[in-house]
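First the structure, in the form of structure tokens, and then the observations on it.
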Amino acid sequence: MQTRWQKLLLRQDVQPDPIIVAIRDVCAAIDVVQSRFQIENDPDLIEGCIFELESLRAQYRYLLRRARQQ
């Protein structure tokens, strides 16, 4: 069963809210970084993926707060 937020994120019949678009973009970026993290071998690149992932998670939390305030 989908939550209200999942339904809003997946809806495509109306002009999407810019915050919803930003949430989708951040989610896509998180998926890319997680995939890259899985295939990296170099410790410096792994560390970079970790920092990038934490940054994207912070952006995601911020955008969720903004979406809930609307």
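No value in this document is a laboratory result; all are computed from the given coordinates. No experiment lies behind these values; they were computed from the predicted model shown. Virtual Cβ from ideal backbone geometry, glycine too; neighbours counted across all protein chains shown.
Figure the gain on full extension for residue 66 and residue 24 (residue separation times 0.36 nm, minus the Cα-Cα span) and round it to one decimal in nm. Show your work: numbers first, answer last.
On the way: separation 42, 0.36 × 42 = 15.12 nm, distance 1.40 nm.
Length difference between fully extended and current span is 13.7 nm.
Using a cut-off of 15 Å between beta-carbons, work out the net charge of the residues near residue 29 (Lys and Arg +1, Asp and Glu -1, residue 29 not included).
On the way: positive: 24, 36, 57, 61; negative: 25, 31, 52, 54.
In short, 0.
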